[in-house]
Amino acid sequence: MREIIDIIRKNGILPIASIENEIDAIPIGTALFNAGIRVIEITFRTDRALDSMRVITSAFPGMYIGAGTVRTTKEVDQAMEAGCRFVISPGINAKLIKYCKKNDIVIIPGVATASEIEEALELGISLVKFFPCESMGGIKTIEAWARPYPDVTFLPSGGITEQNMLAYLAHKNVLAVNGTWLIDEDFHERQNFDEIEVRAKKAVKRMLGFQLDHIAVNLPKDDLAKEAAADFAELFDEVVTEDEQSFKAGEMFQAMKPSLRGLMGHMGVRTNSLERAEYYLSNRGVEFGLENHDSIEEDSIYLNLEIAGTAIQVLQKHNSQA
């Protein structure tokens with residue numbers, strides 16, 4: 001169960017799809033997979049929902065499918081038979097929650113009030129879907145709830161967009177964002193699968209927020225490193241500082257004393273979420289150095305590759321918890 005929740009958190013975005021025709025399931029799954037998203041909620045709002053779940057779980061064994069708008073234990077059984085890994089219910093249904101817990105099935109029930117959060121906690125549930133999020137106060141409501149309920153994690157849904165999702169993802173009590181903005185309700189009429197992929201890629205890019213942070217060059221002698229840092233500092237009116245490994249000119253430039261990673265040096269890239277960046281890059285076939293087993297705690301990881309003789313370091317942004 002913990003694995004499924006971790007996967008949802010690492011993806012950061014849990015798209016919702018109501019699929020009218022199972023034939024559309026393949027291009028939808030392809031669009032999300034190509035964007036780096038490995039989770040999807042398929043709702044029980046259509047007659048072809050179960051067939052769509054089966055198609056995606058068969059075609060994309062690496063994706064985690066969740067069944068949405070689940071209201072009965074029969075639908076839970078049907079979703080599990082179709083290959084789903086978790087279920088999402090529109091509200092607090094004690095019978096449904098007890099059934100899922102008895103069968104070790106992850107269920108994320110919907111809440112809209114503090115009283116419903118209390119009900120969920122009484123039933124042993126601390127991960128809830130906050131819906132309709134934006135119309136109920138959005139991130140400000142989550143911030144207010146997080147004070148009396150610090151042990152509750154939220155999946156905000158309803159009104160989430162590419163423009164406002166970062167505010168939610170930056171909150172420590174938010175697991176991921178959930179919504180239909182990537183897959184319009186009328187996609188089955190417009191067949192806009194290329195547009196879905198473009199939207200998904202933009203959303204993932206915005207979520208990760210990759211940004212060049214600094215350049216470091218390898219130099220053979222300390223005096224050459226010191227001179228290079230001084231030249232850069234003078235040019236851009238920065239201050240030179242020294243540590244065990246390098247001379248730094250502000251935050252942008254490092255002249256390394258010994259030759260460390262990279263034939264020529266390394267570049268640092270900042271991200272909104274080191275954990276999500278590591279997951280995203282891993283899914284793209286990137287490997288990491290053996291020393292990165294504690295990378296998240298160190299707020300930095302090195303990719304096990306070089307570009308033009310330059311190693312790449314990915315770092316957590318200081319002002320982001322996303």
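Residues that are part of a helix (DSSP H, G or I), at pLDDT below 95 and not assigned by TED's automatic domain parsing to the domain that holds Met165: does the stretch 234-244 have at least one?
No: zero hits.
Have a look at Ala176, Ala203, Ala167 and point out the one that is within 30 Å of Ala17 (Cα to Cα) and in contact with an Asp or Glu (Cβ under 6 Å, 6 or more places away or on another chain).
Criteria check complete, one pass: Ala203.
Quick one: count up the residues across the stretch 140-154 that are of a type outside the set (Asp, Glu), assigned to a helix (DSSP H, G or I) and either crowded, with 19+ Cβ neighbours inside 10 Å or within 22 Å of the chain's Cα centre (by Cα) (or both).
The qualifying residues number 5.
Kindly establish whether Glu119 is touching a residue at least 12 places away in the same chain (Cβ under 8 Å) and among the acidic types (Asp, Glu).
Yes; evaluated as a whole, the condition is true for this residue.
Do we find a residue being surrounded by fewer than 19 Cβ atoms within 10 Å (Cβ to Cβ), within 25 Å of Glu195 (Cα to Cα), charged (D, E, K, R) and in the same structural domain as Trp181 (by TED's automatic domain parsing) anywhere in the stretch 51-64?
yes
It is to be established whether one or more residues within the stretch 217-228 are surrounded by fewer than 16 Cβ atoms within 10 Å (Cβ to Cβ) and in a loop (DSSP other than H, G, I, E, B).
Yes, that holds for at least one residue.
Do we have any residue at all in the stretch 67-79 that's basic (Lys, Arg), modelled with pLDDT of 95 or more and under 22 Å from the mean Cα position of the chain (by Cα)?
no
For the stretch 160-192, give me each residue that is more than 20 Å from Lys129 (Cβ to Cβ) and either of a type in the set (D, E, K, R) or surrounded by 17 or more Cβ atoms within 10 Å (Cβ to Cβ) (or both).
Hits for the stretch 160-192 are Asp184, Asp186, Phe187, His188, Glu189, Arg190, Asn192.
What are the pairs with Cβ atoms under 7 angstrom where one residue, in the stretch 213-241, is free of Cβ contacts under 8 Å to residues at least 12 places away in the same chain and the other, located anywhere, is among the β-branched types (Val, Ile, Thr)? Sequence gap at least six, or different chains.
none
The values are calculated or read from the model by the stated rules, or taken from the named source; none is laboratory data. Note that this is a predicted model, so its numbers are computed, not measured. No Cβ is skipped: glycine too gets one built from the backbone with ideal geometry, and neighbour counts run over all protein chains shown.
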